[in-house]
Amino acid sequence: MSKGLTSRSEDYSQWYNELVAKADLAEHSAVRGCMVIKPYGYSIWEKMQAVLDQKFKETGHSNAYFPLFIPKSFFSKEASHVDGFATECAVVTHYRLKNDGNGNIIVDEDAKLEEELIVRPTSETIIWNTYKGWIQSYRDLPILVNQWANVVRWEMRTRLFLRTAEFLWQEGHTAHATAEEAIAETEQMLDVYADFAENWMALPVVKGKKTANERFAGALDTYCIEALMQDGKALQAGTSHFLGQNFAKAFDVKFTSKEGKQEFVWATSWGVSTRLMGALIMAHSDDSGLVLPPKLAPIQVVIVPIYKGEEELSKISEAVDVIIKDLKKKGISVKYDDRDTQRPGFKFAEYELKGVPVRLAMGGRDLENNTVELARRDTKTKETVSRDGIADRIELLLEEIQQSIYHKALQFRTENTKKVDSYDDFKKALDETPGFIAAHWDGTSETEAKIKEETKATIRCIPLNNEQEEGVCMVTGKPSSQRVLFARAY
């Protein structure tokens, strides 16, 4: 098959858009700004969900579900929260349609809601209104709840997976008796996200804190994981928020402590979304298509027969069946593509485009020699190997590929992270070799805003493992005790 992808060096944005479409991951829908996630794309998301869901449950969390619609009055209870989302909210005002007598369907003006409903952009308000009925005593704490859901944020400029009006995500919402417990929860979930990104997505990330300008609306602290894409732009891959008592106070959620005192509950929220799909594509893929880490690949091994006539196909299929059984015993997902509607070359190109980590091909000569051709997607190398012990070989190879993809991304990030000390060098670095830039900042929102306005670069995070280093802000010359991480971002 002809992939016909624009090269990354020619037009990275166009390459991404074409790859999402041609690899059958997603497409634009009839609803402006919304996407259809196609079966192959959704199967990757399902694998992400399964791993994360297990991790959440291992850390004591349970799943629940809350309404899609949120009364408008709930948003007015937490001022900074509503300010953060006001421009992105979709609002339901009526509950009925009618025929206008001319064959047109119109909104029934007599069916106006007494109170408008906001289509969920995030669930803090509806959940904390609910928690008020769940929490009376310290014995009711902690509440450790996660929700898998869709949300709507009315984006004006959309891009499949990265920024759509509706997207899928999970949002954790926990309630605690003390600030210390809530902060520990916030940090724990950041570690869960970082572990998932690095060990399943093969995506190296920087763990850090957001500045006041970049915090989640209504949070006291926002922790994040930041990743670098192949075009040198950063992508926020997950966030975990320490909400303090803001939402508890807004919704009057109190508990009786062990000492018999009435106290407000401490809160966290944390989430990742289908934006991770965009990160997966942009961090690893090449001009030939997707490169998927084996742990998240829907198909880890594909086997393609090369044959002349039904008799030879039957013999190859018999030999392949043994390999398939051995692979499945090891929990390796495998597909045998014996379609007679497409030639082997078409199939090779198709699975290369879709990022299948390992491809086996078997022909008549392989049948006679007890061999099989083995090709790996990440390096595009291939070799003829014995079929004896092939399942063990592939099991080790999949782990090798997983690590190889990670280290390639890590090397790219290392080579594209630089330190600068002057504002001129900062602007020059942004334009010449995009990536992460570690620079001193004076800690003020005004300087941060000035840099963003003049360069379109933002402070991605203050790394948690930052070395203390005396210096001066590259813009104002004021003292600084550490560097922060800047980049242009998605």
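The values are calculated or read from the model by the stated rules, or taken from the named source; none is laboratory data. Model, not experiment: these values are computed from the prediction. Don't worry about glycine lacking a Cβ; one is built from the backbone with ideal geometry, like all the others, and counts go over all protein chains shown. Areas reflect the complete protein model, heavy atoms only, side chains present, ligands, DNA and RNA absent. Shrake-Rupley method; radii C 1.70, N 1.55, O 1.52, S 1.80 Å.
Hey, among ASP366, ASP425, ASP431, ASP337, which residue is acidic (Asp, Glu), surrounded by 14 or more Cβ atoms within 10 Å (Cβ to Cβ) and closer than 29 Å to THR455 by Cα?
On the way: ASP366 fails: closer than 29 Å to THR455 by Cα; ASP431 fails: surrounded by 14 or more Cβ atoms within 10 Å (Cβ to Cβ); ASP337 fails: closer than 29 Å to THR455 by Cα.
Only one candidate qualifies: ASP425.
Which residues, counting only those in region 128-155, are within 20 Å of VAL20 (Cβ to Cβ) and in a loop (DSSP other than H, G, I, E, B)? Please lay out each step first, then the result.
Initially, region 128-155 is screened for residues within 20 Å of VAL20 (Cβ to Cβ), giving 150, 153, 155.
Selection gives ARG153, GLU155.
How many residues, within region 108-139, are aromatic (Phe, Trp, Tyr), in contact (Cβ under 8 Å) with a residue 60 or more places away in the chain and either open to solvent by 40 Å² or more (accessible area, probe 1.4 Å) or touching a Pro at 6+ places or on another chain (Cβ under 8 Å) (or both)?
From region 108-139, those aromatic (Phe, Trp, Tyr) are 128, 131, 134, 138; that's our starting set.
Next cut, in contact (Cβ under 8 Å) with a residue 60 or more places away in the chain only: 128, 131, 138.
Now drop any that are not either open to solvent by 40 Å² or more (accessible area, probe 1.4 Å) or touching a Pro at 6+ places or on another chain (Cβ under 8 Å) (or both), which leaves 138.
So the answer is 1.
Take LYS57 and tell me if it is modelled with pLDDT under 95, in contact with a strand residue (DSSP E or B) (Cβ under 9 Å, 6 or more places away or on another chain) and open to solvent by 30 Å² or more (accessible area, probe 1.4 Å). Give the derivation first.
On the way: modelled with pLDDT under 95: no; in contact with a strand residue (DSSP E or B) (Cβ under 9 Å, 6 or more places away or on another chain): yes; open to solvent by 30 Å² or more (accessible area, probe 1.4 Å): yes.
So LYS57 does not fit the description; no.
Of all residues in region 198-245, which are in a helix (DSSP H, G or I) and either touching a strand residue (DSSP E or B) at 6+ places or on another chain (Cβ under 7 Å) or crowded, with 21+ Cβ neighbours inside 10 Å (or both)?
To start, the set of residues in region 198-245 that are in a helix (DSSP H, G or I) comprises 198-199, 212-214.
Answer for region 198-245, where residues must be in a helix (DSSP H, G or I) and either touching a strand residue (DSSP E or B) at 6+ places or on another chain (Cβ under 7 Å) or crowded, with 21+ Cβ neighbours inside 10 Å (or both): just GLU214.
Taking the condition assigned by TED's automatic domain parsing to the domain that holds PHE56 and surrounded by fewer than 24 Cβ atoms within 10 Å (Cβ to Cβ), does LYS329 pass? Reasoning before the result, please.
On the way: assigned by TED's automatic domain parsing to the domain that holds PHE56: no; surrounded by fewer than 24 Cβ atoms within 10 Å (Cβ to Cβ): yes.
Answer is no for this residue.
Pick out the one residue from ILE299, ILE281 that is touching a residue at least 12 places away in the same chain (Cβ under 8 Å) and surrounded by 24 or more Cβ atoms within 10 Å (Cβ to Cβ). Steps first, please.
Values: ILE299 fails: surrounded by 24 or more Cβ atoms within 10 Å (Cβ to Cβ).
After applying the criteria, what remains is ILE281.
Return the residues of region 135-163 that are among the charged types (D, E, K, R) and either in contact with an Asp or Glu (Cβ under 6 Å, 6 or more places away or on another chain) or closer than 21 Å to GLN262 by Cα (or both); say none if nothing qualifies.
If we filter region 135-163 for residues that are among the charged types (D, E, K, R), which is where we start, we get 139-140, 153, 155, 157, 159, 163.
Selection gives ARG139, ASP140, ARG153, ARG163.
Considering only residues that are free of Cβ contacts under 8 Å to residues at least 40 places away in the same chain and on the phi > 0 side of the Ramachandran plot, which ones fall in region 434-483?
GLY443, LYS456, GLY477
How many residues, within region 302-321, are part of a helix (DSSP H, G or I), among the hydrophobic types (A, V, I, L, M, F, W, C) and in contact (Cβ under 8 Å) with a residue 40 or more places away in the chain? Steps first, please.
Taking region 302-321 first, the residues part of a helix (DSSP H, G or I) are 309-321.
Subsequent filtering for residues that are among the hydrophobic types (A, V, I, L, M, F, W, C) retains 313, 316, 319-320.
From what's left, in contact (Cβ under 8 Å) with a residue 40 or more places away in the chain: 316, 319-320.
Summing the residues that are part of a helix (DSSP H, G or I), among the hydrophobic types (A, V, I, L, M, F, W, C) and in contact (Cβ under 8 Å) with a residue 40 or more places away in the chain in region 302-321 gives 3.
For region 342-360, name all the residues that are more than 24 Å from ILE44 (Cβ to Cβ) and under 34 Å from the mean Cα position of the chain (by Cα).
Here is the first cut: in region 342-360, the ones more than 24 Å from ILE44 (Cβ to Cβ) are 343-345.
Residues satisfying the conditions are PRO344, GLY345.
With the structure loaded, tell me whether THR384 is of a type in the set (Ser, Thr, Tyr), outside any helix (DSSP H, G or I), under 29 Å from the mean Cα position of the chain (by Cα) and surrounded by fewer than 16 Cβ atoms within 10 Å (Cβ to Cβ) or whether it fails that test.
Details: of a type in the set (Ser, Thr, Tyr): yes; outside any helix (DSSP H, G or I): yes; under 29 Å from the mean Cα position of the chain (by Cα): no; surrounded by fewer than 16 Cβ atoms within 10 Å (Cβ to Cβ): yes.
Considered against the rule, which asks whether it is of a type in the set (Ser, Thr, Tyr), outside any helix (DSSP H, G or I), under 29 Å from the mean Cα position of the chain (by Cα) and surrounded by fewer than 16 Cβ atoms within 10 Å (Cβ to Cβ), THR384 comes out as no.
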